Amino acid sequence: MSARSNRRSRIVGSTAGAIVALVAMLFGATAPATAAQPDPIQRYVALGDSYAAGQGAGIPLDACLRSDAAYPVLLDAVPRINLLRQPACSGATISDVASTQLSQVNRGTTLVTLTVGGNDLGAGEVFAVCAPDPESFACATAVAEAQQLLASGVIGQELGGLLLAIAERAPNARIVVTDYPIPFVAGWSTLTDTVNAATAALDAQIAAAATGAAGAGANVHYTSLTLAYLGHQVGDVDPWLGSDQFDALTFLHPTTTGQGVYRDAILVAIG
């Protein structure tokens, strides 16, 4: 081939390439897209107290009062979430979770949920003491002790330490911390308003603990149930918490519907 022919061939090839590029630009032609990769399976461990165990939402399955209607079980039914372990147990405090449940998370865990702190405050116990006689000395003592505990800030401090310990044991996990719904409709009684105020103060400490742990580098996300339960508190027509104060198993614990609300809030938190 002559030099002139070779040069003409290069010019023709370059022109053809430019035309193809121009057509692609004008008509939006793109290279074939690669198939989207599915989200990884979440290896999930649920920590916490009776709310995470599902007490009151179904038939108790064991001494921890776990039920098949618990929000961790409901999350397990969601595609690509695999509940590996649910050590959550009724009556658990923050220190209980640290001593008996924390060992269930490890480097392979990629999702942790935590609901705890209610038993540390004991708002339900305050109600039980005060309900027979809100003017009694025993009631006044129980309320004062709860208020003193809240003022000390120790619940938030202990929870913050637990969150950092979870992050250390499970560095690849997203940790979702939930709070507690305000249990009673506002203005029902002086006693119920007192319990509501204590619960709101507890929730504030839970939020602060989660924010502090996140600020320290932990992959912690806080989700509140306060607004979700408005209109469905004890005293409303359709409560999502057990409303029979004489039924210790269900009282002030999420119903099956209430557990579903927890599941939905956590799904929003994990995107």
Among the residues of the stretch 192-211, is any of a type in the set (S, T, N, Q) and in a loop (DSSP other than H, G, I, E, B)?
no
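Let me confirm something: among Thr113, Thr109, which residue is at pLDDT 95 or above and closer than 24 Å to Val154 by Cα?
Thr113
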Evaluation of Glu145 against (1) part of a helix (DSSP H, G or I); (2) crowded, with 19+ Cβ neighbours inside 10 Å (one fails), failing number:
(2)
Selected residue [of a type in the set (A, V, I, L, M, F, W, C), under 28 Å from Gly242 (Cβ atoms) and modelled with pLDDT under 95] from Ala123, Ala151:
Ala123
Quick check on the stretch 25-57: of everything there that is surrounded by 10 or more Cβ atoms within 10 Å (Cβ to Cβ) and either among the polar types (S, T, N, Q) or modelled with pLDDT under 50 (or both), which residue is nearest to Asp68 (Cα to Cα)?
Gln55
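Looking at Val143, Val126, Val116 in this structure, which one is closer than 21 Å to Ala265 by Cβ and touching a residue at least 24 places away in the same chain (Cβ under 8 Å)?
Details: Val143 fails: closer than 21 Å to Ala265 by Cβ; Val126 fails: closer than 21 Å to Ala265 by Cβ.
Result of the check over Val143, Val126, Val116: Val116.
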Which of the residues that make up the stretch 201-250 are within 22 Å of Gly122 (Cβ to Cβ), open to solvent by 40 Å² or more (accessible area, probe 1.4 Å), of a type in the set (A, V, I, L, M, F, W, C) and within 16 Å of the chain's Cα centre (by Cα)?
Ala204, Ala208
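Quick one: in the stretch 70-93, of everything that is over 22 Å from Phe251 (Cβ atoms) and assigned to a helix (DSSP H, G or I), which residue is least open to solvent (accessible area, probe 1.4 Å)? So that I can check it myself, show each step before the final result.
First pass over the stretch 70-93, keeping only residues over 22 Å from Phe251 (Cβ atoms): 75-87.
Filter once more, so that each one left must be assigned to a helix (DSSP H, G or I): 75-76.
On the way: Leu75: 1, Asp76: 65 Å².
The extreme case among them is Leu75.
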Hey, does the stretch 258-268 have a residue that's free of Cβ contacts under 8 Å to residues at least 40 places away in the same chain, open to solvent by 40 Å² or more (accessible area, probe 1.4 Å) and out of contact with any Pro (no Cβ under 9 Å at 6 or more places or on another chain)?
yes
Qualifying position, being surrounded by fewer than 23 Cβ atoms within 10 Å (Cβ to Cβ) and on the phi > 0 side of the Ramachandran plot, among Gly153, Gly124, Gly161:
Gly153
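Return a yes/no flag: does the stretch 220-227 have any residue that is among the aromatic types (Phe, Trp, Tyr) and either within 19 Å of Ile94 (Cα to Cα) or touching a residue at least 24 places away in the same chain (Cβ under 8 Å) (or both). Before the answer, list the steps.
Going residue by residue through the stretch 220-227, those that are among the aromatic types (Phe, Trp, Tyr) are 222.
Okay, now just the ones that are also either within 19 Å of Ile94 (Cα to Cα) or touching a residue at least 24 places away in the same chain (Cβ under 8 Å) (or both), so 222.
Checked against the condition, which is being among the aromatic types (Phe, Trp, Tyr) and either within 19 Å of Ile94 (Cα to Cα) or touching a residue at least 24 places away in the same chain (Cβ under 8 Å) (or both), the stretch 220-227 yields at least one hit.
The values are calculated or read from the model by the stated rules, or taken from the named source; none is laboratory data. Keep in mind the model is a prediction, meaning the values are calculated, not measured. Glycine also receives a Cβ, built like all others from the backbone with ideal geometry; neighbour counts cover every protein chain displayed. For accessibility, only protein heavy atoms count, side chains too; no ligands or nucleic acids. Shrake-Rupley method; radii C 1.70, N 1.55, O 1.52, S 1.80 Å.
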